[in-house]
Amino acid sequence: MLSAMNRNDDANENGSYIDLHIHSNYSDGLFSPQKIIEVARERRLKAISITDHDTVAASAIAAELGPQYGIEVISGIEISITCKDCEVHLLGYFIDAQSGPIRQYTQMLMDSREARARKIVNVLRRQGVDISYELVADKANGSPIGRPHIAEVLVEEGYVFSSYEAFQKYLGEDKPADIPKLSIEPKKAVEMIKDAGGLAFIAHPATIDCCEEALKKLVSYGLDGLETIHPKHNSDLQHYFRRVAKQYGLLESGGSDCHGGRDGMVMLGALPVPFAFLERMKDRLN
């Protein structure tokens, strides 16, 4: 990863790199939209996309700030779907944040996340963990509530030593407070992104258990691309998914999946994602 960062810094003097997978404090990241823009300029990125889970609020703010810093901001969102009994994340790029389908979806997900958080808090109480929903809501500060917010409260209230322990003990898969989140149908998700004027990409395909089956199904629904460059993809996986993208006539995307250092590293701009990816996406739209 360090070598990737060095290549990025050396070759990025001409602003040739981009980061199209970033999370802000409007979902489960730590950085504000302004901080993301500032770090992007420090890393000499030419373009970014904030792809928060189920909300476009930060993306809209960043779009207004971008020109002041010489950063092109692509509107984005990350949507969870269930395909063949496994979870798949879709990245939507160039979406119109004011489109009816997107506004309805984000409101529906905001409501469902609140209900899910209340259920998780109730389960935790039965486990002897006495935290309140109000503490969790305060931690989210108006953004869609996610498990990382609950994990932070558990740390602050002294029930665990770290967010990692919170997931290992309570919030992770098959743990006592593993409450599933709302997921929409794959075809509907792709159609929603396209109805909003955007392009639909599969995020970090290496993390998908049923990747090949999901890919074929989503391609039949009009999938536009595949995230080939991601921290979970080593060099071999990058080459593999680039071949897969070519096989299916898909575009490529890439990004750091930065959450602002929640995992101990500030990954924003750390991977050499070429600006050519973005140019091809624009060509597809045109």
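Hey, of (i) 36; (ii) 31; (iii) 18, which did the structure itself give for percent of Cα pairs over 34 Å apart when calculated?
From the options (i) 36; (ii) 31; (iii) 18, the structure gives (iii).
In the chain, which cysteines lack any other cysteine Cβ under 4.7 Å from their own?
Result for the chain is Cys83, Cys211, Cys258, no neighbouring Cys Cβ within the cutoff.
Compute the Kirkwood hydrodynamic radius of the range 118-203, taking the inverse of the mean of 1/r over all pairs of distinct Cα atoms, and give it in Å to one decimal.
14.5 Å
Using r as the Cβ-Cβ distance of Asn141 and Cys86, and R0 as 30 Å, what FRET efficiency do you calculate, to the nearest 0.05?
0.45
Check cross-link reach from Lys246 to the aspartates and glutamates: straight Cα distance under 14 Å, and skip same-chain residues fewer than eight apart.
Asp224, Glu227
Where does the charge balance sit around Ala60 when Lys and Arg score +1, Asp and Glu -1, over other residues with C-beta under 13 Å from its C-beta?
Result for the neighbourhood of Ala60: -2.
From the phi of every residue in the range 164-181, what ³J(HN,Hα) in whole Hz does the Karplus formula 6.51 cos²θ - 1.76 cosθ + 1.60 yield, where θ is phi - 60° and glycine or proline is x?
4, 5, 4, 6, 5, 9, 10, 9, x, 4, 6, 8, x, 9, 7, 9, x, 8
Determine which lysines satisfy two conditions relative to Lys46: a Cα distance under 22 Å, and not lying fewer than 8 residues away in the same chain.
Cross-link targets: Lys35, Lys282.
Taking the Cβ of Pro274 as the center, what net charge do the other residues with Cβ under 11 Å away carry, scoring Lys and Arg +1 and Asp and Glu -1?
0
Taking only C-alpha pairs under 8 Å that are 6+ residues apart, what is the relative contact order of the chain in percent?
23 percent
Cα to Cα, under 18 Å, and not fewer than 8 places away if on the same chain: which lysines meet these conditions relative to Lys175?
Lys119
No value in this document is a laboratory result; all are computed from the given coordinates. Predicted model, so just to flag it, every value in this text is computed and none were measured. Every residue, glycine as well, gets a Cβ built from its backbone with ideal geometry; the counts of neighbours run over all protein chains shown.
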